[in-house]
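Quick notes on the structure that follows.
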């Protein structure tokens, strides 16, 4: 979701405006992004700071990337507001994902969401949740049942807080870092949860070639965003 390695220009430091790729639909949206290392206030969609092969800068200039938000907004026709948050986690907390309430990632994520929604300068409704996460769980060797329970809890807690909006999952890429055997239960759980009423899941397996083993390119992120948008409009 963070858009790691989805660089926009050959220099790695240009955004959609620099590349003359930003369009009116991008400008019509409101977008904000948070992570432990980077935070962007509300603005249009043009790309944001990120990493290229683990580096955040080139000769002192920030690397610019984008995630699925570009294709997502374009497919929906613009005029929407997107709050994006991204992070990794490396250990279970009380036997559960750090993304499950009241885990550390949930707490940090929701604090950012609350702060940004309070700063949004117009009325809004929560229209849906897009979830793309799971390789960390594969690396941790989690089983299907416990990972699935965590996904269900995350969806339930989001709906309890924000209302009964669609919950759309991206099925995690079959990462060679975790290994296919470890990714299999994660991917199976994502399909199971995505098949439930009000949910959906999106296939990303054909969006290679990947960068740094399992990161989507800019073109791959554009297509993933389009698929998330198509899925959410059917719910």
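The values are calculated or read from the model by the stated rules, or taken from the named source; none is laboratory data. Model, not experiment: these values are computed from the prediction. Counting neighbours? That spans all protein chains shown, and the Cβs are built from the backbone with ideal geometry, glycine included.
Which numbered condition in (1) assigned to a loop (DSSP other than H, G, I, E, B); (2) at pLDDT 95 or above is the only one that residue 186 fails?
(1)
Quickly run through region 1-18 and pick out the residues that are part of a loop (DSSP other than H, G, I, E, B) and either within 29 Å of residue 118 (Cβ to Cβ) or touching a helix residue (DSSP H, G or I) at 6+ places or on another chain (Cβ under 8 Å) (or both).
1, 2, 3, 4, 6, 8, 15, 16, 17
Do we find that residue 185 is surrounded by 15 or more Cβ atoms within 10 Å (Cβ to Cβ), under 27 Å from residue 107 (Cβ atoms), touching a helix residue (DSSP H, G or I) at 6+ places or on another chain (Cβ under 6 Å) and touching a residue at least 60 places away in the same chain (Cβ under 8 Å) in this structure?
Judged against the criteria, residue 185 is not a match.
May I ask you to list the residues in region 208-231 that are outside any helix (DSSP H, G or I) and touching a helix residue (DSSP H, G or I) at 6+ places or on another chain (Cβ under 8 Å)?
Correct list: 208, 210, 214, 216.
For region 194-206, state whether one or more residues are assigned to a helix (DSSP H, G or I) and out of contact with any helix residue (DSSP H, G or I) (no Cβ under 6 Å at 6 or more places or on another chain).
yes
Of the residues that make up region 140-153, is at least one surrounded by 14 or more Cβ atoms within 10 Å (Cβ to Cβ) and touching a residue at least 60 places away in the same chain (Cβ under 8 Å)?
Within region 140-153, none of the residues are surrounded by 14 or more Cβ atoms within 10 Å (Cβ to Cβ) and touching a residue at least 60 places away in the same chain (Cβ under 8 Å).
Picking from 77, 47, which residue would you name as being over 26 Å from residue 137 (Cα atoms) and surrounded by 20 or more Cβ atoms within 10 Å (Cβ to Cβ)? Steps first, answer last, please.
Details: 77 fails: surrounded by 20 or more Cβ atoms within 10 Å (Cβ to Cβ).
Answer to the check: 47.
For region 204-235, give me each residue that is within 24 Å of residue 152 (Cα to Cα), surrounded by fewer than 15 Cβ atoms within 10 Å (Cβ to Cβ) and within 18 Å of the chain's Cα centre (by Cα).
205, 233
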